[in-house]
Each structure stands twice: as structure tokens, then as C-alpha cells.
1. From the list B:70, B:43, exactly one residue is touching a helix residue (DSSP H, G or I) at 6+ places or on another chain (Cβ under 7 Å), farther than 29 Å from residue B:344 by Cα and either within 14 Å of chain A (Cβ to nearest Cβ) or surrounded by 15 or more Cβ atoms within 10 Å (Cβ to Cβ) (or both). Which is it?
2. Filter region A:116-132 down to residues that are part of a helix (DSSP H, G or I) and crowded, with 21+ Cβ neighbours inside 10 Å and give me whichever is nearest to the chain's Cα centre (by Cα).
3. Quick one: what pairs do we get from region B:299-311, first residue facing another protein chain (nearest Cβ under 7 Å), second at pLDDT below 90, C-beta under 6 Å, 6+ apart or different chains?
4. Any idea which of A:194, A:175, A:189 is under 21 Å from residue A:265 (Cβ atoms) and either modelled with pLDDT of 95 or more or not in a loop (DSSP other than H, G, I, E, B) (or both)?
5. Could we say that residue B:278 is over 16 Å from the mean Cα position of the chain (by Cα), in a loop (DSSP other than H, G, I, E, B), facing chain A (nearest Cβ under 9 Å) and over 30 Å from residue A:335 (Cβ atoms) here?
6. Any residue that is crowded, with 23+ Cβ neighbours inside 10 Å and in a loop (DSSP other than H, G, I, E, B) - is there at least one of those in region B:108-115?
7. Looking only at region B:169-179, count how many residues are within 12 Å of another protein chain (Cβ to nearest Cβ) and of a type in the set (D, E, K, R).
8. Could you count how many residues in region A:1-53 are more than 20 Å from residue A:78 (Cβ to Cβ), without any contact (Cβ under 8 Å) to a residue 60 or more places away in the chain and hydroxyl-bearing (Ser, Thr, Tyr)?
Number of protein chains: 2
Amino acid sequence: MTTYDIALIGFGGVNRTLAELVAARGDTLRSELGFGLRVVAITDLRLGSLVQPEGIDLGMALNMDGASGTFAAHGGSADTINESVIRNCTADIICEATFTNPEDGEPAVSHVRWALESNKSVCTTNKGPVAIRGAELTSLAEQNGVHFEFEGAVMSGTPVIRLAKKMFAGLKLNGFEGILNGTSNYVLGRMEAGLDFEAAISEAQKLGYAEANPAADIEGYDVQLKVLILANELLDAGIELKDVQRQGISTVTPEKIQKASREGLRWKLVGSARRNVDGSVTAGVSPVALPLDHGLAGVSGATNAVSFETDLLGAVTVSGPGAGRVETAYALLSDIIAMHAARTGAAAHV
Amino acid sequence: MTTYDIALIGFGGVNRTLAELVAARGDTLRSELGFGLRVVAITDLRLGSLVQPEGIDLGMALNMDGASGTFAAHGGSADTINESVIRNCTADIICEATFTNPEDGEPAVSHVRWALESNKSVCTTNKGPVAIRGAELTSLAEQNGVHFEFEGAVMSGTPVIRLAKKMFAGLKLNGFEGILNGTSNYVLGRMEAGLDFEAAISEAQKLGYAEANPAADIEGYDVQLKVLILANELLDAGIELKDVQRQGISTVTPEKIQKASREGLRWKLVGSARRNVDGSVTAGVSPVALPLDHGLAGVSGATNAVSFETDLLGAVTVSGPGAGRVETAYALLSDIIAMHAARTGAAAHV
């Protein structure tokens, strides 16, 4: 039985939940998936750093919060020494779940690069490094014979990247359009139900969907990163963030929404990319009034969806959660499962 | 470069389209998928039988229809000698696309059994053998070290069975519900738009969605078979056709539809299965008035969809075409791609 040693970089909601899954379901995962997982390193801005090659006591780690001291009390350090831990720990796989910086993808880009350079595989739920440095990091992984997986960067654990890559063999993918941000989708839905913009945002914040500063969600920055990732990964677009036109939902007034409703239309914030006749790819994010029988018009609340346009099947759409601690932690697990399958050919025999 | 020799059992719309794909895209498939396809046998009720181990001229075969003679004029036979062709031809893979018989699955069950017994892999788009004899035939394939694939039996080329098996590793699947018949879904949609039942059926027939005798679609028999396949394949239910409760849409009156519409509900014919606390599976087909924000409520026209209920992700839904010549022929191609991946581990490296 293979056991993969993993390091958790960032011990917030996502990596904590992954640790909970490993602690609570380790035996089940072992029997169902054919491999075990052992956490050998954790770094966190508040808790510091802990490296234990024989395996960290997850009960202890999960009981710690910022208020109860640091890893210094458990044989580690109060400092967050990411580079040294990532490069020198005994992990096979680095699970990167720090925060997304849409400008340069740092510090996550460096985390991923350090890991791949030291011949460790990486899974991440972090849009930044994938959107900003995806091609470079994928190439680095290939050079070093390790894996770089990032299913969770787009729709948390809902399979999108892997679905398109594995389920559409033999098809030509001409483009996609998607609802890739639950907050803006929720807000538009509540405005259709009669709330004004501010009230809808406020409700979304109370429900935990929207951040204190909702601009990334409302103005389309979050979707822009996701469109960039999907366009480059699935359409081999070779584009940069500036090539993805972006318009948010703040221009969608209650009047526009009510008018659309009377006309059998529904406003959605749609991220899309399409291959042009000359082979180039046009990508963008903007609010669109969709007919009610459009495949994305019925995607409500915080649900996300991507509709793929294929040559032989026409549109194939997948919808599911686009966020959530457990859902995103599963994305990391699904990445590790994919790495195991690639190593052993296990997926081929499912 | 591997070349798989294939035999086409039944040369109607689906296998003709597969032959067209092989003829028109053979080189592309070869370079993209890493294998070639060669048709070495065809049998058909009208055209007879043709076996040519060095490869059949597909241009010739595709030009033939029932009116222009039989394969006897091309070195074959006017007789449909399925057993002998299936058992003795040199094909690696039998593509079974005859007609579905929901009583005993014949003659397709025999076609599949003969192929597996003679150590040939089988792909089929035929619900009958999978629904009625799926466990027996899968077991026979395993004993003989060959493959039995049938993605197209449920939603044509839209990945459903393979998606659930390959994309949901590490998740617990608790059940599913789906819109699995385009004709009945189209009819319900047109009735919501104001047509009465007969007019809606008539329109569906004109569009080619509904058969001359629409009972299989309208009374839920088609969905019943698909639910049986999904329940046994994905939930390991071990149930038979009689265990899938069935009710069609003929009880859904225009009055019920208008009332639902006023209440924010929409009638859909839903096929579903759910694992019970004791481990047993309850499965059925019936019309249900769904809230408009339900994931299946917006699935319109001839589109099909399945919503999977998982433990860590909640509901994940895939929608796409549920029928069509090209779409169903792609299902056979996707089965062959899966067989190739299983042989070579190729899927693991995608």
C-alpha cells in the first residue's frame, strides 16, 4: 500500500478540512482508493511551521487556532518558514491553499515553484498561480517528472478541468461559457426577486457568500481569473489576464432585471471563451440577459456551471458547488487521486 | 500504432455514423487518440453480412441502402448471420447497435454474449442488454479479459456512467435524479407553452423526437430502463426492472401544468434512485412538480440531465444531448477510447 506524505501550506479552512478528511476517513480512503495519506508538514501565517517526518498528530493540529499559541509549543516554530519547509520536508505532495493574489500570484507562485523545483508534486485550489503562471509551472512540473494539479481553482470540487480533459477525448472543444461566481449569481437572483443591489449584497455577506469587500466577486475579477485558467487549459489559448475582457454586474440595474424578466430573459454574469476561425481565442466576462431556456439560465443561487461547446455533442454542461470548505478540500483530494492514477494507471481500470 | 478492428452489428443510424466518423476522421483520431480503427465486418437486417479481414470499403458500405441490394453483391451474404460473424470475424471490438427489446434484451443480449464468449470486447448503445443482463455480461467480460462498455445506453454521448465512475472517486454517491427522456421533456415543455397533450406529441413526432408509437417515451418505459442501468452500475443496487416503479406523463393534464406554473413549479418526468439507510436502493420514474430553482427544472426541450447526490459536493449535475445519431455514435467512440485507455494506461496520462 502506497502512502503519500503531504505538506499543508496554509492551514485555513480548506487545508484544515483536508486534514479532517484524512483524520476521519483515512481508513476508508485507503481501502477505496488504494493509498494512504500522512501529513508531515504544516505552515500557517498564524500558527507558524511544523515538520514531523513520522506524521503530525492531526488532532493536535486541528485543535489549534491563532489564539492558543503556535507550533513552537509542539516542536515546531512560530515562524512561517515556507521556503525551507517546502524545499526540505519529506512530503511527496505539497497542498497549497494560501490566498489568491490576482496581481502576480504571489506568494503562491513561489510556493508552487519551490515545490516543483524540489521534485515534489503540487495540488492547489489557488487561482493565482494557475492563472498568472500556469504554463510556466506546468512546464516545470513536466521537466521534473512531478504533477501540478489544480481542479479546485475553478469550481471547487466540481470536476471541470479534469472532466473536459478526460471525458471529451475525440471531441473538438470550440468554447465554453459559465457561471463561475456564486456571489454575483446569488445577488442577481435576489435582485430578480425584488431586492435592490445593496440589500442583495448585504444578504450575501450575511450568508457568508460575499467578502467584506465584494469587488472581486461583483466586478468580475474572480470570474476573469477562472476564464483565463479554463481558456488556457482547455482551449490552449495562450492568453494573459489582460486579454480577458471584464465587466461586472454593477451596471445591471433593478430596472434592467425587471425588463428582462418581462421579456423571458434573465441576467447572468457569464464568463466565456470561444475559438475563432483563425485559431485565436476570444475570452471575456460580462453580464448577459439569457433566454430562460438557455442551459445556464436555471443555474441559481451559489451554484456554478460551465457549458462546453463541442463538435459532436453540442453543449454539455456541468453544474455544482463553486465554493465551500468541504467542496474545495475535496478538490485537493481529487487532485491527489488523479496523481495516484497517473502513477499507477489505476484510473484506467476503473 | 495500434489499430483496432471493429465489427458493426446493425447498420442503422448509429453504426453508419460511426463508420462515417471513421472514414472522415480516421487520421485525426489516429493522431489525437493514438489508435486507428478498421471496420472488418458489418451485419444488418436489410443488407445482410459482410466480412473482410483486410478492411471494408466504407464508401461502398455507406452508399448502400436497403433498396440497392445487399452485401451479396460485394462478396458478402444477403443473410444476417450474426452469430457466425460475431464469433468468427477478426474484430477486436463488436459495436452493437441493433434495437432495444425491453422484455428480454434479445437479440442484443445474444450478440453481446457471443462476442464476449469469443474474447471480443463489446461497446453498445443498446439499453436492453445492459438493463436486463448487465451484471451477467459484465461478469462474462471480466472472466474473458475483455471489455463491456455502454456509455451510450443512457444519455447518448453525454458522459454519465463514466463521469460518475471516474470523476467522483473518494466521494460517496447517495443517489441520483434525472431527466432521461427528451421526448417526454419536450412534450411537457410544449404543454406548459399552451399546447394540449396530443398536439405536443404530434409536434414531437414531426421533429423526429417521438416514435410513431410514443408509449415507450411517454409512459416512462425508456426512463425505467435507464434508471435501472444507472442504479445497478453506480449504486450497485442489484435490482431488476420490476423493482423500478414507473409512472408516465399521461396523467399530467394541462390544468395541472398551468396550476404548477402559477405556483412557481414545473412538471418534469424524473427518474431517480436513492440509497436507503439499510443499504437498499429505491428507484422509480414519475412526474414531479419541481420548484423552478431545482437543478433539473431548467432542463428544457430534448436535453437530458442527471443530478448526482454526493456526500462531499452535494449535487453535481451533468446535462447534454440524450439522443441523436452523431451524439450516440460518439458514445461508441468514447467506449473504444476508454477500452484503449484501460489497455495502455493512456487515460492516466491525459
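1. Sole residue among the options that is touching a helix residue (DSSP H, G or I) at 6+ places or on another chain (Cβ under 7 Å), farther than 29 Å from residue B:344 by Cα and either within 14 Å of chain A (Cβ to nearest Cβ) or surrounded by 15 or more Cβ atoms within 10 Å (Cβ to Cβ) (or both): B:43.
2. Taking region A:116-132 as the starting set, the residues that turn out to be part of a helix (DSSP H, G or I) are A:116-117, A:127-132.
Of the ones still in play, those that are also crowded, with 21+ Cβ neighbours inside 10 Å are A:116, A:127-132.
Numbers: A:116: 19, A:127: 6, A:128: 10, A:129: 11, A:130: 9, A:131: 11, A:132: 14 Å.
Checked region A:116-132; the qualifying residue nearest to the chain's Cα centre (by Cα) is A:127.
3. From residues that are facing another protein chain (nearest Cβ under 7 Å), the pairs are B:300/A:293.
4. Working: A:194 fails: either modelled with pLDDT of 95 or more or not in a loop (DSSP other than H, G, I, E, B) (or both); A:175 fails: under 21 Å from residue A:265 (Cβ atoms).
That would be A:189, the only listed residue that is under 21 Å from residue A:265 (Cβ atoms) and either modelled with pLDDT of 95 or more or not in a loop (DSSP other than H, G, I, E, B) (or both).
5. Details: over 16 Å from the mean Cα position of the chain (by Cα): yes; in a loop (DSSP other than H, G, I, E, B): yes; facing chain A (nearest Cβ under 9 Å): no; over 30 Å from residue A:335 (Cβ atoms): yes.
Answer is no for this residue.
6. Step one: filter region B:108-115 for residues crowded, with 23+ Cβ neighbours inside 10 Å, giving B:108, B:111-112, B:115.
Subsequent filtering for residues that are in a loop (DSSP other than H, G, I, E, B) retains none.
No, because not a single residue in region B:108-115 is crowded, with 23+ Cβ neighbours inside 10 Å and in a loop (DSSP other than H, G, I, E, B).
7. The number of residues fulfilling the criteria is 1.
8. Total meeting the criteria: 3.
The values are calculated or read from the model by the stated rules, or taken from the named source; none is laboratory data. Nothing here was measured: the structure is a model prediction, and the numbers come from that model. Because the Cβ atoms are built from the backbone with ideal geometry, glycine has one as well, and the counts that use them run over all protein chains shown.
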